[in-house]
Each structure stands twice: as C-alpha cells, then as structure tokens.
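To keep things clear, I will list the structure first and then write my remarks on it.
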Amino acid sequence: MVKKHYRIFWLCYLMIVAIAGCDSTKNIDSHNLQLSIAAAPTIVLTGEFSAISATLNNVDTSVATGTSTTTTTPVSGHAVTFTITQNVSKCSLTVVNNITDTSGIATAIYQSGSIAGVDIVQASIDSGQSASASIIVNLSPTPTPTPTP
C-alpha cells in the first residue's frame, strides 16, 4: 500500500513539473525578442495628440534540411518602458498600458507642446532592446484674415 502512495505522489509531482514548464513567457529566449514602435500620426500641430504603440514579438528562425522558417509570435505580459528622449516641443507622454497585451502591444499617448520641432519617444524592455519613433511638431496654423470690403 505504501508503494502505491509513492507512485501517486511521484505521478502528481511529475505532472506539476510538466505543467509549470508550459509557461510560454519562461520559454522565450531574450535574443529572439523584437521590439518595434509606431506613432500615429507622425506629424502633428502644437497641442495635438499621437498614439504610440510598442509591439513585442518573439522571432524564431529554424533551419531544417536547408530551408529556414521564421515564426513570429506576440509576447504578452512583458513590461515596456516609454520615455521621451528628445523633447523640443515641450511635449508630454501618458502611458496607457506598459504591459504588453495578447497582441504583444503596449501603448502611450503623446501630446505635443507649444514649440515646433522634432520629438523622439523611445520604448525599451528589460533585456536592453529599444526602439524610437520621431514625431514632427508644426506650429498651429494662424487664422487667415478675411478681407474687409
């Protein structure tokens, strides 16, 4: 009877170890991570907004019988840090979600300041990878005077 309990114990132990090893975030090699960033729109007037999206993917290239195959899968649950690395317009940045969602996306909202120029927003992850997006800020158009008759 004691042997039967040991077998059940070991069977349960092995199942727990197997299930714990199935966590997809632990099986990702940080060398395969690819971070990209996009701003939409990339040209704004002073005081306007731009949506910033940082996308994190696991890019795995395997070679079998002389043929290479690349698989790209989104990485969820990963922290992304957003920073302004060049702030000519005196802009501001509001992080909406700094943890990647199921599509591998983290988001922030950029608001340009009052000075024309180019601002740069950077996204980075703990492995040291970073990506940058430039946003061109133009002065708000001045109203065109209407001619008086």
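The values are calculated or read from the model by the stated rules, or taken from the named source; none is laboratory data. Remember, it's a predicted structure, so these values are computed and weren't measured experimentally. Note that each Cβ is placed from the backbone with ideal geometry, even for glycine, and that neighbours are counted across all protein chains shown. Heavy atoms of the whole protein, side chains included, go into the accessibility calculation; ligands, DNA and RNA do not. Shrake-Rupley method; radii C 1.70, N 1.55, O 1.52, S 1.80 Å.
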Q. With respect to Ala39, is the statement that it is within 20 Å of Ile125 (Cα to Cα) and touching a Phe, Trp or Tyr at 6+ places or on another chain (Cβ under 7 Å) true?
A. yes
For segment 19-42, indicate whether the set of residues that are modelled with pLDDT of 95 or more and over 15 Å from the mean Cα position of the chain (by Cα) is non-empty.
yes
Sole miss for Ile115 among (1) open to solvent by 60 Å² or more (accessible area, probe 1.4 Å); (2) closer than 14 Å to Ala39 by Cβ is condition (2)
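I'd like to verify a number: residues in segment 34-91 that are hydrophobic (A, V, I, L, M, F, W, C), touching a helix residue (DSSP H, G or I) at 6+ places or on another chain (Cβ under 6 Å) and open to solvent by 60 Å² or more (accessible area, probe 1.4 Å), how many?
Going through segment 34-91, the residues hydrophobic (A, V, I, L, M, F, W, C) turn out to be 35, 37-40, 43-45, 49, 51-52, 54, 56, 59, 63-64, 75, 79-80, 82, 84, 88, 91.
When the remaining residues are screened for being touching a helix residue (DSSP H, G or I) at 6+ places or on another chain (Cβ under 6 Å), the result is 59.
Checking the rest, the ones that are also open to solvent by 60 Å² or more (accessible area, probe 1.4 Å) come to none.
The number of residues fulfilling the criteria is 0.
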Note on segment 119-131: residues over 11 Å from the mean Cα position of the chain (by Cα) and surrounded by 14 or more Cβ atoms within 10 Å (Cβ to Cβ) are Asp119, Ile120, Val121
Of (1) open to solvent by 60 Å² or more (accessible area, probe 1.4 Å); (2) of a type outside the set (A, V, I, L, M, F, W, C); (3) over 30 Å from Leu139 (Cβ atoms), Thr94 satisfies every one except (3)
